[in-house]
1. From the list E:A64, E:A85, pick out the single residue that is touching a residue at least 24 places away in the same chain (Cβ under 8 Å) and of a type in the set (G, A, S).
2. What are the residues in region F:33-89 that are aliphatic (A, V, I, L, M) and touching a helix residue (DSSP H, G or I) at 6+ places or on another chain (Cβ under 6 Å), if any?
3. Within 12 Å of chain C (Cβ to nearest Cβ) and modelled with pLDDT of 95 or more - does that describe any residue in region B:21-41?
4. Just the residues that are more than 10 Å from chain E (Cβ to nearest Cβ) and either under 15 Å from the mean Cα position of the chain (by Cα) or farther than 19 Å from E:I4 by Cβ (or both), please, taken from region F:42-55.
5. Taking region A:65-86 on its own, how many of its residues are within 10 Å of the chain's Cα centre (by Cα) and not acidic (D, E)?
6. Please go through region F:57-75 and pick out each residue that is within 12 Å of chain E (Cβ to nearest Cβ) and closer than 22 Å to G:V87 by Cα.
7. For region A:53-74, give me the residue count where each residue is modelled with pLDDT of 90 or more, open to solvent by less than 40 Å² (accessible area, probe 1.4 Å) and not polar (S, T, N, Q).
8. Looking at (1) more than 13 Å from chain G (Cβ to nearest Cβ); (2) closer than 18 Å to B:V58 by Cα; (3) modelled with pLDDT of 95 or more, find the lone condition where A:I78 falls short.
Amino acid sequence: MKVIPLGERLLIKPIKEEKRTEGGIVLPDTAKEKPMKAEVIEIGKDVEDIDIKVGDKVIFSKYAGTEIKIDDEDYILIDQDDILAKVEE
Amino acid sequence: MKVIPLGERLLIKPIKEEKRTEGGIVLPDTAKEKPMKAEVIEIGKDVEDIDIKVGDKVIFSKYAGTEIKIDDEDYILIDQDDILAKVEE
Amino acid sequence: MKVIPLGERLLIKPIKEEKRTEGGIVLPDTAKEKPMKAEVIEIGKDVEDIDIKVGDKVIFSKYAGTEIKIDDEDYILIDQDDILAKVEE
Amino acid sequence: MKVIPLGERLLIKPIKEEKRTEGGIVLPDTAKEKPMKAEVIEIGKDVEDIDIKVGDKVIFSKYAGTEIKIDDEDYILIDQDDILAKVEE
Amino acid sequence: MKVIPLGERLLIKPIKEEKRTEGGIVLPDTAKEKPMKAEVIEIGKDVEDIDIKVGDKVIFSKYAGTEIKIDDEDYILIDQDDILAKVEE
Amino acid sequence: MKVIPLGERLLIKPIKEEKRTEGGIVLPDTAKEKPMKAEVIEIGKDVEDIDIKVGDKVIFSKYAGTEIKIDDEDYILIDQDDILAKVEE
Amino acid sequence: MKVIPLGERLLIKPIKEEKRTEGGIVLPDTAKEKPMKAEVIEIGKDVEDIDIKVGDKVIFSKYAGTEIKIDDEDYILIDQDDILAKVEE
């Protein structure tokens, strides 16, 4: 199944980072904060304001966008204005 | 009865997907989350911002649009801005 | 008494449809949902965005418009933007 | 005392209609709904969007405008956008 | 002390009218409604939308503007859009 | 430390006026109302709508602006639109 | 890891100032007010309204922006409109 974002939207895939408590315990997913880093999967054809390409890592606005499930994986459909920054590692 | 959406609206028909609980029980309709996938049925004549045709599958914004019943089936009248993505399977 | 809607407004007359419960009992008016289908009675002179004429049946946005009584019958003064669709039967 | 509405405002005088309960009792003023019919008294010089003249009867938006008292009579200063319709009897 | 309103603002001085209860008792100030009539004291240089000059009596929007005290007298700094009408006596 | 307001903002310094209760007691600072008079300290380079220069006394909108401390003194960074009037004494 | 702010955003690093209570006790971080001074780290390519360069100290609007962690240090992604002033020491 392919999801093509419309207008000024992008399809991004949140990157979950392992997080350990101070005591070194790895927390299960639900106990972590909502991730804010994502990989860009698809770009709507009207996305012109930001300089982003498929595969880029981005930081996105925490409560923005609409969560969807594709083949049991979590994705987010998000407006270009809610992509805050590009990350280079 | 034919419903012709006005202006920048579309008439879409939500697609209900069967959903099983982890124990394998098929949940009745009311226990499922509101569907977010729909088929495009009719397109208003001022819909110009998105590249969508009748029969396309789309993902729509969860709380957007107005639910109506046509011949006892559920449909949604929705603004083009609330169609988030096109789905190709 | 004639009511002429001003600007981009229309005067519409809600169509009440009989509704039976599953057991076949006809519900009195107050127990029904607010009707969303109406007949167009008068059209304000600045209504230009939608292709509607007097006598057309329309679907309107549930909580929009202002209810008025003319000769003890219920009517609604409503903005053209709140007319969602035209109905052909 | 003469009140000249400024800009796109009009001065209107609500018309109170007698209303009887089903049992035939005439209700005193405070028990009635706020009147929505009014006579146009004065028209501000920037009122151009609507075709209204002094003496016309109009229907106005229920919670719009500012109530004022002139010589112990109730009037309303109201924006032209809140005049919904003209009434001809 | 002279107060010169900036932009599209005016300085007005509310006119308190004596008000008697039905039994004829003169109410002290705090028991009265907030006055809505005022005299225009100063006019900001960008006030162009309304035809008002210093000394005019006006009716203003009840909850608009900012109350200030000058030499222990109450004044209001108010936007020209919140002056509803001119009063001629 | 010098604070240069950006865009259409000004840096102002509230003027605290002594206030006596009716019984003649001088109230300490916390019991007074928030001051609304201020001296203009710095003017952002895009302040063009109002005719104000450094050293002017102004009246500002009570809940507007952002309070900051410079060398233990209170200042306010405020938008030009929230400066209501100029005061000449 | 390098974070490049998009559009009209900047990446800033809050400057925490030591704060002593009146009794001279140094308060730990959580007991202090949120800092409002920051150093500019990166500037988005559409930041044109304000005259700011990397390394400048700025005052920012207290509740604006999105906090992120880079290599365990706190940063803020913030819109240029929420940078209130430049600080020169």
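1. E:A85
2. F:V47, F:I50, F:A64
3. Yes, because at least one residue in region B:21-41 is within 12 Å of chain C (Cβ to nearest Cβ) and modelled with pLDDT of 95 or more.
4. First, pick out the residues of region F:42-55 that are more than 10 Å from chain E (Cβ to nearest Cβ): F:42-48, F:53-55.
Result: F:E42, F:I43, F:G44, F:K45, F:D46, F:K53, F:V54, F:G55.
5. Here is the first cut: in region A:65-86, the ones within 10 Å of the chain's Cα centre (by Cα) are A:65, A:67, A:74-78, A:83.
Among the residues that remain, those that are also not acidic (D, E) are: A:65, A:75-78, A:83.
Residues in region A:65-86 being within 10 Å of the chain's Cα centre (by Cα) and not acidic (D, E): 6 in total.
6. Answer for region F:57-75, where residues must be within 12 Å of chain E (Cβ to nearest Cβ) and closer than 22 Å to G:V87 by Cα: just F:A64.
7. Residues flagged as modelled with pLDDT of 90 or more, open to solvent by less than 40 Å² (accessible area, probe 1.4 Å) and not polar (S, T, N, Q) within region A:53-74 amount to 7.
8. (1)
The values are calculated or read from the model by the stated rules, or taken from the named source; none is laboratory data. For clarity, every value in this text was computed on a predicted model and none was experimentally measured. Every residue, glycine as well, gets a Cβ built from its backbone with ideal geometry; the counts of neighbours run over all protein chains shown. Calculation scope for accessible area: heavy atoms of the full protein, side chains included, ligands and nucleic acids excluded. Shrake-Rupley method; radii C 1.70, N 1.55, O 1.52, S 1.80 Å.
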